[in-house]
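Novice: Here it is, the structure, as structure tokens.
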Amino acid sequence: MQKITPFLWFDSEAEDAVNFYTSLFKNSKAGKTTRYDEAGAAATGRKAGSVMTIDFQLDGLDFTAINAGPVFKFNPSISFFVVSKDELEIDRLWKKFSDHGKILMELDKYDWSKKYGWVEDKFGLSWQLILAEDEVKQKIVPSLLFVDKVFGRAEEAIKFYTSIFKNSKIESVYKYPDNEKAVMYSDISLEGNLLAVMDGPGEHGFHFNEAISFVVSCENQNEVDYYWNKLTADGGAESMCGWLKDKFGVSWQIIPTILLTYISDKDPQKSQAVMQAMLKMKKIDVSLVEKAYNG
């Protein structure tokens, strides 16, 4: 199981978005779909029985999409690199993503790549397409851009995240030539998957928000406690239903795997009881989840 999963918040377009994204990449597919029960619908204003979440894979990388209302909007603070040695693939994806989208940086030759472009697709999600010359370790790589009030803190974040997650390491760090305190680009590996981290100079007018979060799958309460305490340390903020923000403003969900199993139970009475219990929690309490499930 993938330890850290990107989680995408949509108003009501999750199904369309998942169909669109899985049509673009090889080794991609839609997975399990959950639907709003009465408790979840009452808490969110969604229609009972409508699609809540969809698990999906893009080139083998796990994602989850949710329909949860127009509360948060995607912005370029979190984007996804697509790394490919196939120029025709880059051109094809650029055409698909830019159709009814918004070009942030034209697909062109730059100092760092023979072909690179940054685009927001028709759903508002940001993609950075880059033609690779070396071996591609991971085709789709989430990317954090530290701007405005958190500009200059990318290196701090690199050390913070790699100190928390096991099986992690710093793959590369490149600094701005005129500012040694700012990271121009870096790759880190967290639990076996790559994450790009960089600083963005200048004024941008956007920041990290809950539109894109990262789900940390936990085996037990000890793991929940560990990641919750580590990620909220030094200025992070607790939220509801297992959500938190770290000290940089990046959103995480610390979720025991048993919670997802119970919420998906075919017995609606059990699944609704678990949902109602979860909606009252900040950090997830596994014992209370089990108590709700077992009645």
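Nothing in this text is a laboratory measurement; each read-out follows from the coordinates by a stated rule. All of these numbers come straight from a predicted model, not from anything done at the bench. Note that we place each Cβ from the backbone using ideal geometry, even for glycine, and neighbour counts take in every protein chain shown.
Novice: Any idea what the dipole of the range 78-200 comes to, in debye rounded to 20, about its Cα centre with Lys/Arg Cβ at +1 and Asp/Glu Cβ at -1?
Specialist: The dipole magnitude comes to about 300 debye.
Novice: The range 145-224: Rg/Rh from Cα coordinates, Kirkwood Rh?
Specialist: Reported Rg/Rh (Cα atoms, Kirkwood Rh): 1.02.
Novice: Another question, then. If you count, for each residue, the other Cβ atoms within 10 Å and average over each peptide, how do 173-180, 207-214, 112-119 line up from highest to lowest?
Specialist: Packing order, densest peptide first, comes out as 207-214, 112-119, 173-180.
Novice: Shifting gears a bit: Among DSSP beta bridges lying fully in the chain, give the percent that are antiparallel, nearest 5.
Specialist: That works out to approximately 70 percent antiparallel.
Novice: Next question, about the same structure. Which percent, to the nearest 5, of DSSP beta bridges fully inside the range 78-200 are antiparallel?
Specialist: Roughly 70 percent of the beta bridges in the range 78-200 run antiparallel, per DSSP.
Novice: Taking 32 Å as the cut-off for C-alpha to C-alpha distance, list the pairs among LYS247/LYS280; LYS96/LYS247; LYS96/LYS270; LYS122/LYS166; LYS102/LYS137; LYS96/LYS169 that go past it.
Specialist: With Cα atoms farther than 32 Å apart: LYS96/LYS247; LYS96/LYS270; LYS122/LYS166; LYS96/LYS169.
Novice: Per residue of the chain, what 222 nm ellipticity follows from adding -39500 (n - 2.57) for every DSSP H run with n ≥ 4, rounded to the nearest 500?
Specialist: So the helix-based figure for the chain works out to -7500 deg cm²/dmol.
Novice: Where Rh denotes the Kirkwood radius from the mean inverse Cα pair distance, what is Rg over Rh for the chain?
Specialist: Result for the chain is an Rg/Rh of 0.97.
Novice: Let me ask something else. How large is the convex hull of the C-alpha atoms of the range 18-100 per residue, in Å³?
Specialist: Value for the range 18-100: 120 Å³ per residue.
Novice: For the range 10-61, run through the GluC sites (Glu not before Pro) and keep only the ones in DSSP coil with at most 12 other Cβ atoms within 10 Å of their Cβ.
Specialist: Nothing satisfies the criteria.
Novice: So if I take the centroid of the Cα atoms in the range 44-119 and the same for the range 163-224, what is the distance between those two points in Å?
Specialist: 18
Novice: So how compact is the range 78-200: Cα radius of gyration and Dmax in angstrom?
Specialist: Both quantities, over Cα of the range 78-200: 14.7, 40 Å.
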